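Each reported figure results from applying straightforward, stated rules to the coordinates on display, with no laboratory input. Not measured: the values here are computed from a predicted model. We place every Cβ from the backbone using ideal geometry, glycine too, and count neighbours over all the protein chains shown.
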Amino acid sequence: HAGGLRYHGDSALLSQLYHDGYVSAAAVQQTDVFKAAVLFARSEVILPAPESSHAIAYVIQKALECRETGEAKTIFFNLSGHGDFDLAAYEEYLAGRLRDFEYTEDMLAQGLSTLPDIG
């Protein structure tokens, strides 16, 4: 779910931090994202944007791992926006109409084939 930001890239600084191994990336299924967002909204009384909710879902995964292992960690994330403009997506999730989707390698190759060759 891209949500309201409509920007599907990363900053040059973040890309460099990833390249240098200072940060890592993770993928979370969109239904898990909205499940985490609803949990966050019910506990913090803030409806998070879906973009932020990806981080919330991953933070919850990490916290549960720490609970299982008994490891104490400080975990932080960036709440970058509210979900007021994403209510239709929340409605889809709460009605059970939002589905997880995974791109296949063939779909990825087909999409990449439409990009210009910048050699």
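Beta carbons closer than 9 Å, at least 6 apart along the sequence or on distinct chains, pair a first residue in the stretch 10-22 that is within 18 Å of residue 51 (Cβ to Cβ) with a second that is acidic (Asp, Glu) for 18/10. When residue 70 is tested against the conditions (1) touching a strand residue (DSSP E or B) at 6+ places or on another chain (Cβ under 6 Å); (2) at positive phi; (3) of a type outside the set (A, V, I, L, M), the lone failure is (1). The number of residues in the stretch 95-119 that are among the hydrophobic types (A, V, I, L, M, F, W, C) and in contact (Cβ under 8 Å) with a residue 60 or more places away in the chain comes to 2.
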